[in-house]
Structure formats: structure tokens, C-alpha cells
Amino acid sequence: PERARVRFELFDVLGRRVWAQAEKFFQAGFHEETWDGKDELGKLAASGRYFLRMVAENAARQEIVREVQLSLIR
């Protein structure tokens, strides 16, 4: 495990980006990030299914990509 530059992006079921977090550097270990339920314009996102993508890039420029599906119920 090593330090990595990480970014998070959230997409709707049509593949449109709803939200993105500015890239951050994280040390190896467990971390939590919170989405406030708002889109990039600050409006509340609609109920529905979304896909969260996390991309981590280490010093050697190797990328690790993980995607999870989530549901927002208002």
C-alpha cells in the first residue's frame, strides 16, 4: 500500500456525470468520503440509481478503478 491521488465521480444511469470531487491525495489505509446528495450545480439529486467511480493513481502512474452501484431514495 502506498500514497495515491484519488478522485470520485458519480454518474446517473444514462452515464451523465452528476457530481465529482476534486482530486485528493490519501495515505494508504481506510478512508471515508461523503456525498451530500447534490449535483455539481448544488441541486438535490433525484431519487434513483447511480454509479460511483473511484480512480486511484499511485506514484508509478498505475490506476486502480473501482465502481459501485448505489441507490438514492428521498
Looking at region 23-35, can you tell me whether even one residue there is closer than 18 Å to PRO1 by Cβ, basic (Lys, Arg), surrounded by 11 or more Cβ atoms within 10 Å (Cβ to Cβ) and out of contact with any Ser or Thr (no Cβ under 8 Å at 6 or more places or on another chain)? yes
Out of all the residues in region 1-22, which are among the small types (Gly, Ala, Ser), loosely packed, with under 10 Cβ neighbours inside 10 Å and modelled with pLDDT of 95 or more? GLY15
Members of region 32-68 found to be touching a residue at least 24 places away in the same chain (Cβ under 8 Å) and farther than 16 Å from GLY15 by Cα, listed by number: GLU33, TRP35, GLY37, LEU44, VAL55, ALA56, GLU57, ASN58, ALA59, ILE64
If we keep only residues of region 1-45 that are out of contact with any strand residue (DSSP E or B) (no Cβ under 8 Å at 6 or more places or on another chain) and acidic (Asp, Glu), then the residue farthest from GLU63 (Cα to Cα) is ASP36
So, first residue in a loop (DSSP other than H, G, I, E, B) in region 12-28, second residue at pLDDT below 95 and loosely packed, with under 12 Cβ neighbours inside 10 Å, Cβ within less than 9 Å, six or more apart or across chains; the pairs are GLN27/PRO1; GLN27/GLU2; ALA28/PRO1; ALA28/GLU2
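The values are calculated or read from the model by the stated rules, or taken from the named source; none is laboratory data. If you're wondering where the values come from, they're calculated on a predicted model, not measured in any experiment. Note: ideal-geometry Cβ built from the backbone for every residue, glycine included; neighbour counts use all protein chains shown.
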